[in-house]
Amino acid sequence: KLKKEQINILVVGLNNSGKSTIVNHFKNPEERNNTIVPTVGFTVERFQNQGVFFTAFDMSGAGRYRSLWEHHFKSCHGIVFVIDSSDRMRLVVVKDELEILLQHPDIAFRKIPILFFANKMDCEDALSCVKIAAALGLEKIDEKPWHISSSNALTGQGLEDGVQWLIEQVR
Ligand code: GDP
């Protein structure tokens, strides 16, 4: 397989799951904290690090903004799906959003690898990877390589290994 010269990674998840913190970790220091906010209720960040282009957006409350970011699906090679492991209340919302994502015509029929970050593993009430995988029904994803790892975006724990896995799947 030829090496891809540009890899597009989508970073998705509900608000407050830790996307910005994760994305910041992979930015060069001079790029940190310059989030672009094109319109109310819809935040997108785009930057590259060593040929890997990261595009991040918020899924929550994005119903009517959906079409604004869905066009990124076609060109994406891998997905980082960020979950707040301590936010048990919204796990059902996460499940819904995941299903909508997986059923999208630009995602459904492609073998795009998906990395799930069970983020905020440092929180006392954080659910384990295994419990989150079960709650989201990840075992039913059969057409795509997927992987779930715990992360602490504040310290960076788990981030590099996770994204490394994703990039290896893409290359
Ligand atoms: P986003 O809305 O998905 O972009 O989430 P943010 O990156 O803005 O993070 C939301 C809040 O959670 C912020 O206050 C972060 O500092 C905090 N946060 C992010 N990751 C972690 C983590 O791994 N552990 C803890 N304890 N807090 C985190």
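The values are calculated or read from the model by the stated rules, or taken from the named source; none is laboratory data. From a predicted model like this one, the values you see are computed outputs, not experimental measurements. For neighbour counting, all protein chains shown are included, and Cβ atoms are generated from backbone atoms with ideal geometry for every residue, glycine included.
Scan the range 148-161 and give yes if some residue there is at positive phi, surrounded by fewer than 20 Cβ atoms within 10 Å (Cβ to Cβ) and in contact with a helix residue (DSSP H, G or I) (Cβ under 7 Å, 6 or more places away or on another chain), otherwise no. Yes, the range 148-161 has at least one match. Evaluate the following for residue 54: is it touching a Phe, Trp or Tyr at 6+ places or on another chain (Cβ under 7 Å), under 26 Å from residue 171 (Cβ atoms) and crowded, with 19+ Cβ neighbours inside 10 Å? Judged against the criteria, residue 54 is a match.
Of the strands (runs of 3 or more DSSP E) lying entirely inside the range 1-55, those carrying at least 2 residues that are closer than 18 Å to residue 66 by Cα and modelled with pLDDT of 85 or more are 7-13.
For the range 69-110, the set of residues classified as of a type in the set (A, V, I, L, M, F, W, C), over 20 Å from residue 166 (Cα atoms) and exposed (fewer than 15 other Cβ atoms within 10 Å of the Cβ) consists of 89, 92, 93, 100, listed by residue number.
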